[in-house]
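Participant: Below you'll find the structure I mean.
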Amino acid sequence: MKALIQRVQTAKVEVSGKTIGQIDKGILLLLGIEKDDDENKADWLLERILNYRIFADEKQRMNLSLRDIQGGLLIVSQFTLVADTRKGLRPSFSEGADPISGERLYDYFINRAHSIYEHVSTGSFGADMQVSLINDGPVTFWLETK
């Protein structure tokens, strides 16, 4: 699994002009799912995201996690994160999960997030989504499972 996380002041996702997910201060998570990903990797990545210290403490150091600040988590599927862009002028998606497996694991990730964290919002798997955000910092990190 690959995750691009952005510390945001606010973020929202729309489908067909309707807001389907929105958060205030927190993390926008763009999630890419690969062929060999499974529930164990999803659990590991979710815990890492919830506990990753990217929010400022009283000394303006990145010492606080999403859990510490009780911020929002907006989860958006993005299969383009798993693209191989090393050669040619067109990305290859051969390492990406097929749509059925990808959606199953995306749903698992979301259900797990809802079960262990209160402030979760989501996009819609496979939909044409418009995502808007105010990146706070800007602060952006790339996380991968092993």
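Participant: Between a residue in the stretch 133-146 that is farther than 28 Å from GLU39 by Cβ and in contact (Cβ under 8 Å) with a residue 24 or more places away in the chain and any residue that is polar (S, T, N, Q) and in a strand (DSSP E or B), which pairs come within a Cβ distance under 6 Å, given they are 6 or more apart or on different chains?
Facilitator: ILE134/GLN9; ILE134/THR10; ASN135/GLN6; ASP136/GLN9
Participant: Can we say LYS59 is more than 21 Å from VAL131 (Cβ to Cβ) and either among the acidic types (Asp, Glu) or modelled with pLDDT under 95 (or both)?
Facilitator: no
Participant: Residues of the stretch 61-72 being assigned to a strand (DSSP E or B), in contact with a strand residue (DSSP E or B) (Cβ under 6 Å, 6 or more places away or on another chain) and either open to solvent by 70 Å² or more (accessible area, probe 1.4 Å) or closer than 16 Å to LEU46 by Cβ (or both), which ones?
Facilitator: Across the stretch 61-72, the qualifying residue is only GLY72.
Participant: Restricting to the stretch 78-97, name every residue that is among the β-branched types (Val, Ile, Thr) and exposed (fewer than 15 other Cβ atoms within 10 Å of the Cβ).
Facilitator: Correct list: THR80, THR85.
Participant: Across the stretch 103-131, which residue is surrounded by the fewest Cβ atoms within 10 Å (Cβ to Cβ) among those that are touching a Gly at 6+ places or on another chain (Cβ under 6 Å) and not in a loop (DSSP other than H, G, I, E, B)?
Facilitator: This residue is MET129.
Participant: Separate question: Could you identify the single residue in LEU46, LEU31 that is in contact (Cβ under 8 Å) with a residue 24 or more places away in the chain and not in a strand (DSSP E or B)?
Facilitator: Among LEU46, LEU31, only LEU46 is in contact (Cβ under 8 Å) with a residue 24 or more places away in the chain and not in a strand (DSSP E or B).
Participant: Between ILE75, ILE100, ILE134, which is closer than 13 Å to LEU28 by Cβ, open to solvent by 40 Å² or more (accessible area, probe 1.4 Å), not polar (S, T, N, Q) and not in a loop (DSSP other than H, G, I, E, B)?
Facilitator: Just a single option satisfies the conditions, and that option is ILE134.
Participant: Further, regarding this structure: Kindly indicate which of LEU105, LEU143, LEU66, LEU74 is under 26 Å from GLY17 (Cα atoms) and modelled with pLDDT of 95 or more.
Facilitator: LEU74
Participant: Would you check which residues across the stretch 1-43 are under 20 Å from ASP128 (Cβ atoms) and among the basic types (Lys, Arg) and list them?
Facilitator: Answer for the stretch 1-43, where residues must be under 20 Å from ASP128 (Cβ atoms) and among the basic types (Lys, Arg): LYS12, LYS18.
Participant: Kindly indicate whether any position in the stretch 20-42 is at pLDDT 95 or above, open to solvent by 40 Å² or more (accessible area, probe 1.4 Å) and closer than 17 Å to PRO138 by Cα.
Facilitator: Yes, the stretch 20-42 has at least one match.
The values are calculated or read from the model by the stated rules, or taken from the named source; none is laboratory data. Since this is a predicted model, take the numbers as computed values, not measurements. Positions of Cβ are backbone-derived with ideal geometry, glycine not excepted, and every protein chain shown enters the neighbour counts. These accessible areas exclude ligands, DNA and RNA; they are computed on the full protein's heavy atoms, side chains included. Shrake-Rupley method; radii C 1.70, N 1.55, O 1.52, S 1.80 Å.
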